[in-house]
2 protein chains.
Amino acid sequence: MAGISAVTIRRARRDDVAAIVAMLADDPLGSARERIEDPLPPSYFRAFEAVEKDPNIQLVVAEAGGTVVGCLQLCILPGLSSQGASRALIEDVRVATHCRGRGIGEQLVQWAVAEARAKGCRLVELLTHNSRVDAQRFYKRLGFAPSHVGMTLRF
Amino acid sequence: MAGISAVTIRRARRDDVAAIVAMLADDPLGSARERIEDPLPPSYFRAFEAVEKDPNIQLVVAEAGGTVVGCLQLCILPGLSSQGASRALIEDVRVATHCRGRGIGEQLVQWAVAEARAKGCRLVELLTHNSRVDAQRFYKRLGFAPSHVGMTLRF
């Protein structure tokens, strides 16, 4: 579906957890990592509580017509480098499959960039899997440079 | 100088800030971003205080013979993905120029990986600039995969 959908971006609530996990799982990489059960494994809710009480982390959702259609997690990280400017890290950006191509991901990322600026960050960073070529094109369009190698170690 | 130096890895203190900033600045990328003045700009100390009071962030130094010869910042980030497992982000890894090649960086990174495991993380991630080919080789040797593109937006 083409065109731009106006969405509301707001802090995620506990009753959004299932919708967020469903989006994380609905993905070639995420499907192997998540466990969609009813009820959801309690580890998801414990993680939600840890996110909620961390003042440097905001997990937000995009809501359209009362339905959660996207999510993003923003971390504001203090550190000494760049004269002590905080850095922002964007993670877990997802848009529900049936809502893609409507500018919802862009609204989420632009919200995060504006929030990072407002918090005094001078750098926003993110890692996107080498296989996510569309995501890389999307972030380049929003001004991000593929300046770094994102290295990971999984246990 | 070859061989392995045994170092002590400990939490950074306020009186380590100047040594850490000197290492951040002693670098082709960092030299343009930092301000080495005496006294240091107060923004560095404000950032240190923000790091110190954040329970999810550990800024550590490697100390050898009473001198700070390396640093690393580790962030433990809760999040819903991977069944609610926290992720670890390694940043600002530096070893003093005259102490390179002695395994100090490896000890710092191995400390961070062990700490991430102990905190229940299932993923350690980091961004390293495309130009830091030696760093990429170093992280690969420690088991990291160049699986992601690290994208950045600077203001």
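Say we look at the stretch A:99-125 and pick out the residues that are assigned to a helix (DSSP H, G or I), free of Cβ contacts under 8 Å to residues at least 60 places away in the same chain and out of contact with any Lys or Arg (no Cβ under 9 Å at 6 or more places or on another chain); which of these is most open to solvent (accessible area, probe 1.4 Å)?
Within the stretch A:99-125, the subset assigned to a helix (DSSP H, G or I) is A:99, A:104-118.
Right, trim to free of Cβ contacts under 8 Å to residues at least 60 places away in the same chain and you get A:105-106, A:109-110, A:112-118.
Okay, now just the ones that are also out of contact with any Lys or Arg (no Cβ under 9 Å at 6 or more places or on another chain), so A:109-110, A:112-115, A:117-118.
Details: A:Val109: 0, A:Gln110: 80, A:Ala112: 0, A:Val113: 15, A:Ala114: 58, A:Glu115: 43, A:Arg117: 145, A:Ala118: 86 Å².
Top of the filtered list is A:Arg117.
Give the stretch B:54-93 a look and list any residue that's open to solvent by 30 Å² or more (accessible area, probe 1.4 Å) and within 9 Å of chain A (Cβ to nearest Cβ), or say none.
Answer for the stretch B:54-93, where residues must be open to solvent by 30 Å² or more (accessible area, probe 1.4 Å) and within 9 Å of chain A (Cβ to nearest Cβ): B:Pro55, B:Asn56, B:Gln83.
Before we move on, is A:Ala64 closer than 15 Å to B:Phe155 by Cβ and among the hydrophobic types (A, V, I, L, M, F, W, C)?
Working: closer than 15 Å to B:Phe155 by Cβ: no; among the hydrophobic types (A, V, I, L, M, F, W, C): yes.
Here the answer is no, as A:Ala64 does not meet what is asked.
Can you tell me which residue in the stretch A:35-50 is modelled with the highest pLDDT, limited to those that are more than 16 Å from A:Gln73 (Cβ to Cβ) and more than 8 Å from chain B (Cβ to nearest Cβ)?
Only one residue tops the list, namely A:Pro42.
Residues A:Gly101, A:Gly79, A:Gly84: which one is more than 30 Å from B:Arg13 (Cβ to Cβ) and of a type outside the set (Lys, Arg)?
Working: A:Gly79 fails: more than 30 Å from B:Arg13 (Cβ to Cβ); A:Gly84 fails: more than 30 Å from B:Arg13 (Cβ to Cβ).
Residue meeting the stated conditions: A:Gly101.
Looking only at residues in the stretch A:52-67 that are aliphatic (A, V, I, L, M) and under 13 Å from the mean Cα position of the chain (by Cα), which one is nearest to B:Val51 (Cα to Cα)? Lay out the reasoning, then the answer.
Taking the stretch A:52-67 as the starting set, the residues that turn out to be aliphatic (A, V, I, L, M) are A:57, A:59-62, A:64.
Filter once more, so that each one left must be under 13 Å from the mean Cα position of the chain (by Cα): A:57, A:59-62.
On the way: A:Ile57: 14, A:Leu59: 21, A:Val60: 24, A:Val61: 27, A:Ala62: 30 Å.
Restricting to residues being aliphatic (A, V, I, L, M) and under 13 Å from the mean Cα position of the chain (by Cα), the top hit is A:Ile57.
Is one or more of the residues making up the stretch B:32-39 open to solvent by less than 40 Å² (accessible area, probe 1.4 Å) and part of a helix (DSSP H, G or I)? It would help to see each step written out before you state the result.
Filtering the stretch B:32-39 for residues open to solvent by less than 40 Å² (accessible area, probe 1.4 Å) gives B:34.
If we keep only those that are part of a helix (DSSP H, G or I) as well, we get none.
Within the stretch B:32-39, not a single residue is open to solvent by less than 40 Å² (accessible area, probe 1.4 Å) and part of a helix (DSSP H, G or I).
So which residues in the stretch B:15-34 are over 17 Å from the mean Cα position of the chain (by Cα) and modelled with pLDDT of 95 or more, if there are any at all? Give the steps one after another, and end with the answer.
Of the stretch B:15-34, the ones over 17 Å from the mean Cα position of the chain (by Cα) are B:15, B:32.
Across the stretch B:15-34, the qualifying residue is only B:Asp15.
Taking the stretch A:94-128 only, how many residues are touching a helix residue (DSSP H, G or I) at 6+ places or on another chain (Cβ under 8 Å), within 11 Å of chain B (Cβ to nearest Cβ) and not charged (D, E, K, R)?
Applying the first criterion (touching a helix residue (DSSP H, G or I) at 6+ places or on another chain (Cβ under 8 Å)) to the stretch A:94-128 yields A:94-96, A:105-106, A:109, A:122-124, A:126, A:128.
Within this subset, residues satisfying the condition of being within 11 Å of chain B (Cβ to nearest Cβ) are A:94, A:109, A:122-124, A:126, A:128.
Keeping just the survivors that are not charged (D, E, K, R) gives A:109, A:123-124, A:126, A:128.
Adding up the residues that qualify gives 5.
Mind checking which pairs have a first residue in the stretch A:137-155 that is more than 7 Å from chain B (Cβ to nearest Cβ) and a second that is part of a helix (DSSP H, G or I) and of a type in the set (S, T, N, Q), Cβ under 8 Å, 6 or more apart or different chains?
Cβ pairs passing all conditions: A:Leu142/A:Gln110.
The values are calculated or read from the model by the stated rules, or taken from the named source; none is laboratory data. All of these numbers come straight from a predicted model, not from anything done at the bench. Every residue, glycine as well, gets a Cβ built from its backbone with ideal geometry; the counts of neighbours run over all protein chains shown. Just so you know, the surface numbers come from the protein's heavy atoms only, side chains and all, with ligands and any DNA or RNA stripped out. Shrake-Rupley method; radii C 1.70, N 1.55, O 1.52, S 1.80 Å.
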